[in-house]
1. Which whole-Hz couplings ³J(HN,Hα) result when phi for each residue of region 154-163 is put into the Karplus expression 6.51 cos²θ - 1.76 cosθ + 1.60, θ = phi - 60°, listed in order with x for Gly and Pro?
2. Heavy-atom accessible area per residue, the chain, 1.4 Å probe: how many Å²?
3. Please state the equivalent ellipsoid semi-axes for region 72-115: what are the square roots of 5 times the Cα gyration tensor eigenvalues, largest first, in whole Å?
4. Report, please, the projected area of the chain averaged over directions, based on the convex hull of its C-alpha atoms, in nm².
5. Given Cα positions, please report Rg to Rh for region 13-87, the hydrodynamic radius being the Kirkwood one.
6. Kindly state, to the nearest 0.05, the FRET efficiency for A163 paired with E92, given R0 = 25 Å and r defined as their beta-carbon distance.
7. Report the gain in length on full extension from N13 to S108: 0.36 nm times residue separation, minus Cα-Cα distance, nm rounded to one decimal.
8. Under the Karplus relation 6.51 cos²θ - 1.76 cosθ + 1.60, θ = phi - 60°, what is the ordered set of whole-Hz ³J(HN,Hα) values for region 92-107, x standing for Gly and Pro?
Amino acid sequence: MWEQAGSRLFAINDSSTWWIADWLVYGESTFQDRYEEAIKRTSLSYQTLRNYTWVARRFPLPRRRAGLSFSHHLEVVALDQPEQDYWLRKAEELSWSRNKLRAEVKGSLLARRGESPLPDAGGSADAGSTLDARLLHLELSAEDLARLERAATRDGEPLKTWAAAILRQAAARS
């Protein structure tokens with residue numbers, strides 16, 4: 001009974017993530033300053049709320065897989081729709097955890113680029129260990145940040161992804 005109660009609680013928790021995400025998407029089209037208001041009304045960070053909105057927009061209700069968590073959907077949100085559907089179907093059919101799905105997707109992306117994932121101590125692929133990522137810290141005014149957020153939202157991308165693409169485009173022109 002304890003395990004069943006826990007399973008139900010986790011299902012409710014996952015559903016509430018979708019509810020919050022859908023609430024944010026609705027607010028985006030109806031009200032201004034939705035994130036400021038949502039941050040005040042929730043204990044969630046700005047980036048978490050942005051991620052929720054991104055996932056909800058990319059996965060309208062008919063595309064959501066009830067047998068998978070919000071986090072499963074988040075793992076594939078950056079992919080094209082056919083790839084999203086492929087990976088979610090596979091995760092559902094094989095009962096993959098979110099972490100297993102993440103490892104499989106990252107392994108596939110690395111293989112396409114001709115890189116091989118390095119095995120970790122447990123023998124599974126840790127795609128992050130082969131990537132040479134750097135962190136760029138930018139200081140922006142609240143007004144500039146809001147303007148960039150609006151532009152990224154119009155393009156249907158999270159700010160981080162959108163900004164990286166814009167910087168790459170600018171570098172390619174020079």
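The values are calculated or read from the model by the stated rules, or taken from the named source; none is laboratory data. No experiment lies behind these values; they were computed from the predicted model shown. Backbone-built Cβ (ideal geometry, glycine too); neighbour counts: all protein chains shown. Accessible surface is based on the protein model in full, side chains and every heavy atom, while ligands, DNA and RNA are left aside. Shrake-Rupley method; radii C 1.70, N 1.55, O 1.52, S 1.80 Å.
1. Working through the residues one at a time gives 4, 8, x, 10, x, 3, 4, 5, 4, 5 Hz.
2. Per-residue accessible area for the chain comes out at 69 Å².
3. 16, 12, 9
4. Mean projected area for the chain: 13.6 nm², to one decimal.
5. 0.98
6. For A163 and E92, the calculated efficiency is 0.15.
7. 31.2 nm
8. So the Karplus estimates, Gly and Pro as x, are 5, 5, 9, 6, 6, 6, 4, 5, 5, 4, 4, 4, 5, 5, 4, x Hz.
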